[in-house]
Amino acid sequence: MPHARSSDITIALDPASDLPLYLQIAHAIVGDIRRARLGPGDALPGSRTLAHSLDVHRNTVLAAYTELAVEGWVRTEIAGGTFVVANPPITRAPAGYPGADSRSPGYALGPTFAEDRPPTYRPGVYLLA
């Protein structure tokens, strides 16, 4: 069943923020999901379309979509698009949302309380002693 693309996503980016642009995009999308502006099955704009409208590199949007997928907010279909999942994670916004909560795993989309979700980790190189 084809989904309509959600073209009414409004994202305000703050280049002066300490929060990376891809996390600002992810926070804005999570906010729209939490406010029910985006619902289960709704399609997010294509990465090229959103990158063009925000005047950012496409990889920035892809990083945001990847973060959302890892956190369980969206699912991606190869050559089909990115869609809001039917059952997004149960979360509460950290203090100062939208902003990084350094006490939680992952980046800053809020702590996840779903028991069946594996922990998320920051990408990077880890030295094992």
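Taken over region 23-80, the criterion of being open to solvent by less than 30 Å² (accessible area, probe 1.4 Å) and of a type in the set (D, E, K, R) is satisfied by Asp32, Glu67, Glu71.
Quick grid of which residues meet (1) modelled with pLDDT of 95 or more; (2) more than 9 Å from the chain's Cα centre (by Cα); (3) part of a helix (DSSP H, G or I):
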{"site": "Ser17", "(1), (2), (3)": "no, yes, no"}
{"site": "Val30", "(1), (2), (3)": "no, no, yes"}
{"site": "Ile33", "(1), (2), (3)": "no, yes, yes"}
{"site": "Arg37", "(1), (2), (3)": "no, yes, no"}
{"site": "Leu50", "(1), (2), (3)": "yes, yes, yes"}
{"site": "Thr60", "(1), (2), (3)": "yes, yes, yes"}
{"site": "Ala63", "(1), (2), (3)": "yes, no, yes"}
{"site": "Thr66", "(1), (2), (3)": "yes, no, yes"}
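Taking first residues from region 11-24 that are within 14 Å of Ala63 (Cβ to Cβ) and partners that are charged (D, E, K, R) and assigned to a loop (DSSP other than H, G, I, E, B), the Cβ contacts under 9 Å between residues at least 6 apart in sequence or on separate chains come to Leu13/Asp55; Leu21/Asp14; Gln24/Asp14.
Okay, residues lined up against (1) under 23 Å from Pro20 (Cβ atoms); (2) among the β-branched types (Val, Ile, Thr); (3) free of Cβ contacts under 8 Å to residues at least 24 places away in the same chain:
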residue	(1), (2), (3)
Arg48	yes, no, yes
His57	yes, no, yes
Ala63	yes, no, no
Thr76	yes, yes, yes
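The values are calculated or read from the model by the stated rules, or taken from the named source; none is laboratory data. Small disclaimer: the values here were computed from a predicted structure and weren't measured. Note that we place each Cβ from the backbone using ideal geometry, even for glycine, and neighbour counts take in every protein chain shown. Keep in mind that these areas ignore ligands, DNA and RNA; they rest on the heavy atoms of the full protein, side chains included. Shrake-Rupley method; radii C 1.70, N 1.55, O 1.52, S 1.80 Å.
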